[in-house]
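J.: Here's a structure for you.
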Amino acid sequence: MILEQTDINDVILLTPRVYKDERGYFMESYNHKKVEILIKDQFVQDNESVSRKNVLRGLHFQLPPHPQAKLIRVIKGSILDVAVDLRKGSSTYGKHFKHVLSGENKKQVYIPVGFAHGFLSLEDDTILSYKCSDYYDANTEASILWNDPDLDIDWGIDNPILAEKDQLAQNFITFENPF
């Protein structure tokens with residue numbers, strides 16, 4: 001597995017080695033021993049979602065005492081994946097990382113605690129899978145507006161398909177930041 005630091009502190013791009021032949025392919029999607037030099041989290045929950053094209057989910061995170069680090073990958077289809085640094089003491093605070101993840105490129109993104117995460121589905125029936133370092137807790141769930149002008153994220157779309165909670169999310173500048 002190839003691990004690459006990104007321009008955003010502590011966000012890591014992972015590229016697994018994929019072994020292809022006439023039968024199909026094999027890859028190791030996660031091996032803690034191979035990534036522990038950069039990823040210290042122990043993952044306790046795996047989640048999966050399916051999205052239609054132009055569905056935007058995010059920007060989501062969980063507040064303390066149940067913040068989550070995430071390891072994101074796409075099994076089928078493709079997404080524009082976005083992570084926003086919410087850590088006030090970070091030199092990349094308020095900045096974002098975005099990358100296309102797909103079932104074809106098999107890349108993954110590690111997003112540490114203290115980040116908001118969102119994605120735009122670029123194809124119908126896109127299947128996203130992600131590991132979390134803490135369990136889901138509805139009482140600590142929070143989100144920031146996907147198109148917040150202070151974050152200046154170019155999603156490449158003006159009118160994505162959104163859940164009601166994502167339409168009503170907080171602004172970046174006014175949310176009470178515990179990170």
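J.: Which lysines does Lys33 reach when only Cα atoms under 20 Å apart count, and residues fewer than 8 places away in its own chain are ignored?
T.: Those lysines meeting the cut-off are Lys70, Lys106, Lys107, Lys131.
J.: For the chain, what does the accessible surface come to per residue with a 1.4 Å probe? Please give it in Å². The partial results should precede the final answer.
T.: Values: 9510 Å² over 179 residues.
Value for the chain: 53 Å² per residue.
J.: Pulled fully out, how much extra length does the chain show between Met27 and Asp125, if you take 0.36 nm times their separation in residues and subtract their Cα-Cα distance? Present the calculation step by step, with values, prior to reporting the outcome.
T.: Working: separation 98, 0.36 × 98 = 35.28 nm, distance 2.20 nm.
Using 0.36 nm per residue and subtracting the Cα-Cα distance, I get 33.1 nm.
J.: Also, quick follow-up: Label-point separation (nm) for Ile157 and Lys20, each offset 7 Å from Cα along Cα-to-Cβ?
T.: With each label placed 7 Å out from Cα toward Cβ, I get 2.7 nm.
J.: Provide the FRET efficiency to the nearest 0.05 for the Lys53-Leu168 pair, computing r from the beta carbons and using R0 = 22 Å.
T.: Details: r = 23 Å, r/R0 = 1.05.
Computed FRET efficiency for Lys53 and Leu168 comes out at 0.40.
J.: Please report the carbon-and-sulfur percent of the accessible area for the chain; probe 1.4 Å, protein heavy atoms only, DNA, RNA and ligands left out.
T.: Working: 4440 of 9510 Å².
The C+S portion of the solvent-accessible surface of the chain is 47 percent.
The values are calculated or read from the model by the stated rules, or taken from the named source; none is laboratory data. Nothing here was measured: the structure is a model prediction, and the numbers come from that model. With ideal geometry, Cβ positions are generated from the backbone for all residues, glycine too; neighbour counts draw on all protein chains shown. With ligands, DNA and RNA removed, areas are computed over all heavy atoms of the protein, side chains included. Shrake-Rupley method; radii C 1.70, N 1.55, O 1.52, S 1.80 Å.
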